[in-house]
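A.B. asks: Have a look at this one before I ask anything.
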Amino acid sequence: MNVVPERLTAKDYATDQEVRWCPGCGDYAILKAVQKTMADLQASRDRTVFVSGIGCAARFPYYMETYGFHTIHGRAPAIATGIKLANPSLDVWVVGGDGDMLSIGGNHLLHALRRNVDLQILIFNNEIYGLTKGQYSPTSRVGTRSPSTPQGSVDLPVSALAFALGCGARFIGRSIDTEQKHLPEVLKRAHGYRGAALVEILQNCIVYNDGVFADITESDVADDRQLYLEPGQPMLFGKNREKGIRLNRETLSLEVVTVGQNGITAADVLVHDEKNKMIAHMLALMEPPEFPVALGVIYCAPEVQSYETGLLAQVTEAKAKGAADLNKILRSGHTWKV
Amino acid sequence: MVPPTAVAEASRPRHEIDSVVVRFAGDSGDGMQVTGSQFTLTSALAGNDFATFPDFPAEIRAPVGTTFGVSSFQINFGSQRIETAGDSLDVLVAMNPAALKVELKNLRVGGTIIADVGQFNDRNVKKAGFVANPLEDGSLEKYRVIKIDISALTMEAVKNSGLSKRDGLRCKNFWTLGLIYWMYGRDRAPTVEWLNKRFGAKRPELATANIAAMNAGHAFGETAEMSGEMTAFTVRPAEIAAGVYRTISGGEALAYGLVAGSQLAGLNIMFGSYPITPASPLLHILAGLKQFGVTTFQAEDEIAAVCAAIGGSYAGQLGITSSSGPGIALKMEAIGLAISTELPLVIVNSQRAGPSTGMPTKTEQSDLYQAVFGRNADAPLVVLASRSPSDCFETAVEAVRLATKYMTPVMLLTDGYIANAAEPWLIPDLAKLKPFRVRFRTEAEGFHPFLRDPKTLARVWATPGTPGLQHRIGGIEKAYDSGHISYEAGNHQKMTDTRKAKIDGIGNDIPEQGIEEGERTGDLAVVGWGSTYGPINRAVYTMRQKGLKVSHIHLRHIWPLPRNLGDLLKGFRRVLVPEMNTGQLVTVLRSQYLVAAEGLNKVNGQPFKISEIEHAIRTRLEH
């Protein structure tokens, strides 16, 4: 008898728990996009695990009708690594904010990426500490005024994606909380990647950092400040897609050009090659006002063996060498009878 | 019973003795640990009981000839029951002046010094901090000094081996071992076999040279070149329980015990660890036991190590992590998460001298407070302590049993001494151990993640991948009746009480406290835990022979304490608690039972001497 499984909708991935983010928080939009992604993938609810650390974003697992583990500050990538090693057949997602992932948990993020554990890692970047009431974060821009930096912050921010590339990440992508079509597509690409896949989601904190990405997301500037990358397609943006990104071969840097001006033709515009790490690094670092923000899959290296696959192959190999008999091992080597 | 493997030569009668303490001491690069472990092996094969104490510097290769670069290996072996590595030395092998300088204080008056005069040149003598050559200035009159140019004799023995001068000289530890083998009538064959196995395939010339050096050292004793200066001894086999024995270190026994426990529970192991002295041997040994379903994860730090273990437990394996005090401190927040989410977890702490970095290679028992109390908020867990290298096996099995049955972290305390020391072990038959198989929750009907067994109060263990049981857990307080997030005050009181009651209740599931030596009542109870077992037991035994009403109580279960311990202590007029700390268990006993227990404390990086405990017992009872 063939039973056709019921098709799950986005709603089927929502729990009955009351969502407790502030009204208008960008996290609502991300939750919706993730639930849609789950439905698009027809993900198995009981084989999916969301792991988070601490922070507003880290409440995420409570609202997903899957397995979920709300852990401690910064450590979600390490706990997720243990889960994946214990049961590699699980689909494991890691969720955290910029403080969780890039400040207290920066070390674990580094190593999860470098080891290439098969995880989807989502950083909700709102450039602020929300849950602790508004202190500046490691991604806050210089001069950010906050309760802990009343005169403005003086330290330089970290770029989540450039950091990831430096760590050896093999998949990086970026999207925006409210981009309900684009975000699920990036998440699906990350999900399909066998290895560590990092997605930075620009997220608005309506209470402590409202409008921090307005220079990118407001409708009057969006066309000029957002570059949607497509593999094999030229890097064009602007209202009429008249602007493009060109590689200046003398300075080895990117620059914005306008097709049809100063002798620039379509052929001058860079074509997106997801496998080009050097260009990916430059794309990851682009920011307004000089540049648009790069969105989509910025870097996707050819898949190699993921960490858990390699490590567990050693366990399998050890098991294949013969029955494991502890009694026998205890009696091997030098023994004597009394 | 196997007879001693070597026979005394007719011409030179052997003196029979009950037990001997020998300490091999030399430079870090002199191979003293190898020498000691080889001597241990042959003593075991000769049927002696024994205890060892490897004592080495934290530096990998400290500058040659310095006192802080001295590496030693002490063994106490005999035909009687051996409980400790020995209070004072009968024989000190000093491979250089620095070794003599450091270890002389441990030699008994009248004891023997075997010194390599080849290394007692002006430069080395001065580097060791002697004003004049101690072998020449009469300062060693109280001892028997045997001066041999071991360096020269070794070079002579290996001159045809084709080794460089440097490599040739490195064979001097085996020359010395050969001489000591002769002194105690030991069989050289196991060491020959070991050398061939160690170097045979890749560098057979090293095996040949070391064997030649060992044989030369042996022949040196045998052919009476010492002209009566040196005596040969016989140490008869000890009377020990029948069965098959092997030597085992604490690290090995722990690894095997954890694997045995995981098999009894029916679980694979997820072991997360970060290298730290003296805990790393467990990581190394488990990494070689993958065939038992052991995954070893060398994490980026201590926190990631415990977190990966917690992730492993969450996903249905037995999560284990291991470290020493400073690393355990880093893990504490995550251990709190495992307490809050009620996941099984075994945390092994091989204690070392502290605070902070302290003395990484020196032993101490100063993490009892950390284990029992060292977390934020009311965060009870189970604490166990191993008393000896071989005892680590049983303690590890018990740790796995309690962690899985009660869904709780269990802290297992060993120390640097236990982790590195070796002793003979009657190998248990694993088929006779009682299984305690874990049952995962699979029924969806009526499920929530904090459903409890009414008897044990353990929550259900439902792992990701189980159809229909998807749920969320975390470190936020949970509603008793649903497992959902709850900030309700009354609920927090109930959950806190329940977590405490669960751990307290384990007191009913562990054996009643017994007496190791002596009566159940008397004038003095000496209460110990961990690696002080040997000296306490021997001291109490000796003092009882002298008619004192003293008993030895030794705790494996530190938290919760055995349910009858309070009553037991009330049966004694006085309670003495020897510990290698400034008084931790003693405080716990005083607070739990309102007994006037007093401490006997020591933190100099060295285990208790039997005589120190005997002295303490006497001063309590003899006036």
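The values are calculated or read from the model by the stated rules, or taken from the named source; none is laboratory data. From a predicted model like this one, the values you see are computed outputs, not experimental measurements. Because the Cβ atoms are built from the backbone with ideal geometry, glycine has one as well, and the counts that use them run over all protein chains shown. Heavy atoms of the whole protein, side chains included, go into the accessibility calculation; ligands, DNA and RNA do not. Shrake-Rupley method; radii C 1.70, N 1.55, O 1.52, S 1.80 Å.
A.B. asks: Pairs of alpha-carbon atoms within less than 8 angstrom and 6+ residues apart define the contacts here; what relative contact order does chain B have, in percent? Kindly include the intermediate steps, with their values, before the conclusion.
C.D. replies: Details: 1386 pairs, mean separation 70.7, N = 623.
It rounds to 11 percent for chain B.
A.B. asks: Another one. Counting only other chains, and only Cβ atoms inside 10 Å, what mean value do you get across the residues of B:498-508?
C.D. replies: 0
A.B. asks: Find the eigenvalues of the gyration tensor of the Cα atoms of region B:65-180, then list the square roots of 5 times those eigenvalues as equivalent ellipsoid semi-axes, largest first, in whole angstrom. Each step should come with its number before you reach the end.
C.D. replies: Working: eigenvalues 118, 78, 32 Å².
Three semi-axes, in Å: 24, 20, 13.
A.B. asks: Treating only the Cβ of Lys, Arg, Asp and Glu as charged (+1, +1, -1, -1), what charge dipole size does region A:8-135 show about its Cα centre? Round to the nearest 20 debye. Don't skip to the end; give the middle numbers.
C.D. replies: Numbers: 12 positive and 12 negative charges, 44 e Å.
Its charge dipole is roughly 220 debye.
A.B. asks: Let me ask something else. Using only helices, what value at 222 nm comes out for chain A when you add -39,500 (n - 2.57) per DSSP H run of length 4 or more and divide by the total residues, to the nearest 500 deg cm²/dmol? Can you show the working numbers first?
C.D. replies: Values: 10 runs with 92 residues, N = 338.
Dividing the helical sum by the residues of chain A leaves -7500 deg cm²/dmol.
A.B. asks: As a test, work out the antiparallel percent of DSSP beta bridges whose residues both lie in region A:8-126, rounded to the nearest 5.
C.D. replies: Working: 1 of 15 bridges.
Here the share of antiparallel DSSP bridges comes out near 5 percent.
A.B. asks: Tell me the per residue accessible area of chain A using a 1.4 Å probe; a whole number in Å² is fine. Show your work: numbers first, answer last.
C.D. replies: Working: 14780 Å² over 338 residues.
Per residue, chain A has 44 Å² of solvent-accessible surface.
A.B. asks: Continuing with the same structure: Set the bar at 31 Å for Cα to Cα. Now go through A:321/B:434; B:570/B:602; A:321/B:165 and name every pair that lies beyond it. Display every interim value, and only then the final one.
C.D. replies: On the way: A:321/B:434 27 Å; B:570/B:602 26 Å; A:321/B:165 43 Å.
Pairs exceeding 31 Å: A:321/B:165.
A.B. asks: Report, in deg cm²/dmol and to the nearest 500, the calculated mean residue ellipticity at 222 nm for chain B, where each DSSP H run with n ≥ 4 adds -39500 (n - 2.57) and the sum is divided by the residue count. Before the final figure, lay out the partial values.
C.D. replies: Numbers: 20 runs with 220 residues, N = 623.
Mean residue ellipticity at 222 nm (helix-derived): -10500 deg cm²/dmol.
A.B. asks: For residue A:21, what accessible surface area do you get with a 1.4 Å probe? Give it in Å², rounded to 10.
C.D. replies: Counting only protein heavy atoms, the figure is 20 Å².
A.B. asks: If you don't mind, another one. Alpha carbons only, please: Rg and Dmax for region B:132-171, in angstrom.
C.D. replies: In Å, with Rg to one decimal and Dmax whole: 14.5, 42.
A.B. asks: By a straight-distance test (C-alpha under 22 Å), which lysines pair with residue A:275 as possible cross-link partners, with residues fewer than eight away in the same chain excluded?
C.D. replies: A:188
A.B. asks: Continuing with the same structure: With each label point set 7 Å from Cα along the Cα-Cβ vector, what nm distance links residue B:573 and residue B:205?
C.D. replies: Result: 7.2 nm between the two label points.
A.B. asks: Running Debye on region A:22-180 with equal point scatterers at the Cα sites and no solvent, what base-10 log of I(q)/I(0) appears at q = 0.11 Å⁻¹?
C.D. replies: For region A:22-180 at q = 0.11 Å⁻¹, log10 I(q)/I(0) is -0.43.
A.B. asks: While we're here: Ordering B:567, B:87 by how much accessible area each has at a 1.4 Å probe, largest first, what is the list?
C.D. replies: Details: B:567 115, B:87 35 Å².
Greatest to least solvent exposure: B:567, B:87.
A.B. asks: Count the net charge of all other residues whose Cβ sits under 11 Å from the Cβ of residue B:303, scoring Lys and Arg as +1 and Asp and Glu as -1. Before the final figure, lay out the partial values.
C.D. replies: Values: positive: A:75, B:331; negative: B:300, B:301, B:302, B:333.
Once all neighbours under 11 Å are counted, the net charge is -2.
A.B. asks: What number, in percent, do you get for the relative contact order of chain A if the mean sequence gap of Cα pairs under 8 Å and at least 6 apart is divided by its residue count? Before the final figure, lay out the partial values.
C.D. replies: Working: 660 pairs, mean separation 48.5, N = 338.
It rounds to 14 percent for chain A.
A.B. asks: Principal axis lengths of chain B from Cα atoms, whole Å, largest first?
C.D. replies: Extents along the principal axes, in whole Å: 85, 64, 48.
A.B. asks: Based on the inverse mean of 1/r over its pairs of different Cα atoms, what is the Kirkwood hydrodynamic radius of region A:82-125, in Å?
C.D. replies: Taking every pair of different Cα atoms in region A:82-125, averaging 1/r and inverting gives 10.9 Å.
A.B. asks: Whole number in Å², please: accessible area per residue of region B:1-155, 1.4 Å probe, ligands, DNA and RNA not counted. Could you put the intermediate results ahead of the total?
C.D. replies: Numbers: 6130 Å² over 155 residues.
Accessible surface, normalised per residue, equals 40 Å².
A.B. asks: Counting only DSSP beta bridges with both residues in the protein assembly as shown, what percent are antiparallel, rounded to the nearest 5? Walk me through the intermediate numbers first.
C.D. replies: On the way: 46 of 134 bridges.
Expressed as a percentage, antiparallel bridges in the protein assembly as shown total about 35.
A.B. asks: Return one quarter of the surface area of the convex hull spanned by the alpha-carbon atoms of region B:317-471, equal to its mean projected area, in nm².
C.D. replies: Numbers: hull surface 43.6 nm².
Quarter of the Cα hull surface area: 10.9 nm².
A.B. asks: Among B:416, B:271, B:62, whose Cα lies farthest out toward the positive end of the dipole of the protein assembly as shown, if unit charges sit on the beta carbon of Lys, Arg (+1) and Asp, Glu (-1)?
C.D. replies: The Cα lying farthest towards the positive end belongs to B:416.
A.B. asks: Calculate the mean, over all residues of peptide B:479-489, of how many other protein chain Cβ atoms lie within 10 angstrom of the residue's Cβ.
C.D. replies: Details: counts 0, 0, 0, 0, 0, 5, 6, 0, 0, 0, 0.
Per residue, the number of nearby Cβ atoms from other chains is 1 on average.
A.B. asks: Separate question: Summing both sides, how much accessible area is buried between A and B? Use a 1.4 Å probe and give Å² to the nearest 100. Please report the intermediate quantities before stating the final value.
C.D. replies: On the way: alone 17530 and 25690 Å², together 37860 Å².
About 5400 Å² of accessible surface is lost on pairing.
A.B. asks: In addition: With every protein chain in place, what's the accessible area of residue B:367 (1.4 Å probe, Å², nearest 10)?
C.D. replies: Approximately 20 Å² for this residue.
A.B. asks: Right, here's the next one. How much accessible surface area, in Å² rounded to 10, belongs to the heavy atoms of residue B:143 with a 1.4 Å probe?
C.D. replies: Rounded to the nearest 10, the figure is 40 Å².
A.B. asks: Still on this model: Give me the lysines in straight-line cross-link reach of residue A:319: C-alpha distance below 23 Å, same-chain residues under 8 apart excluded.
C.D. replies: Cα-Cα hits under 23 Å: A:84, A:328, B:290.
A.B. asks: Something else: Using Cα pairs closer than 8 Å and at least 6 residues apart in sequence, work out the relative contact order for region B:296-434, in percent.
C.D. replies: Values: 238 pairs, mean separation 33.0, N = 139.
Dividing the mean separation by the residue count of region B:296-434 yields 24 percent.
A.B. asks: Among DSSP beta bridges whose residues both lie in chain A, state the antiparallel percentage, nearest 5. Intermediate results must be reported in sequence, preceding the final value.
C.D. replies: Details: 16 of 44 bridges.
Of all bridge pairs located within chain A, approximately 35 percent are antiparallel.
A.B. asks: Sorting A:287, A:250, B:300 by accessible area (1.4 Å probe), largest first, what list results? Spell out each step's value before the answer.
C.D. replies: On the way: A:287 115, A:250 170, B:300 25 Å².
The most accessible residue leads, giving A:250, A:287, B:300.
A.B. asks: On average, how many beta carbons from a partner chain sit within 10 Å of the beta carbon of a residue in B:292-301?
C.D. replies: 5
A.B. asks: For the protein assembly as shown, how big is the tail of P(r) above 57 Å, as a whole percent of Cα pairs?
C.D. replies: Details: 114623 of 461280 pairs.
Result for the distance tail: 25 percent.
A.B. asks: Let me ask you something else. Hey, if we sort B:104, A:227 by accessible area with the 1.4 Å probe, largest down, what's the order?
C.D. replies: B:104, A:227
A.B. asks: At most 12 other Cβ atoms within 10 Å and a DSSP loop assignment: could you name the chymotrypsin sites (Phe, Trp or Tyr not before Pro) in region B:445-550 that fit? Could the numbers behind the result be given before it?
C.D. replies: Values: sites: B:447, B:450, B:461, B:480, B:487, B:529, B:533, B:541; in loops: B:447, B:450, B:461, B:480, B:487.
Sites meeting the loop and neighbour criteria: B:487.
A.B. asks: Could you check the simple spin-label distance between residue B:60 and residue B:444, using points 7 Å along Cα→Cβ, in nm with one decimal?
C.D. replies: 5.6
A.B. asks: Another question about this same structure. Just flag the GluC sites (Glu not before Pro) in region A:1-108 sitting in loop per DSSP whose Cβ has no more than 14 other Cβ atoms within 10 Å.
C.D. replies: A:6, A:18
A.B. asks: May I ask for the Kirkwood hydrodynamic radius of region B:405-456, worked out over all distinct Cα pairs and given in angstroms to one decimal?
C.D. replies: Numbers: mean 1/r = 0.0625 Å⁻¹.
That comes to 16.0 Å for region B:405-456.
A.B. asks: Let me ask something additional. Taking region B:289-377, how much of its Cα-Cα pair set, in percent, is spaced more than 15 angstrom apart? Each step should come with its number before you reach the end.
C.D. replies: On the way: 2329 of 3916 pairs.
Here the long-distance tail beyond 15 Å is 59 percent of all Cα pairs in region B:289-377.
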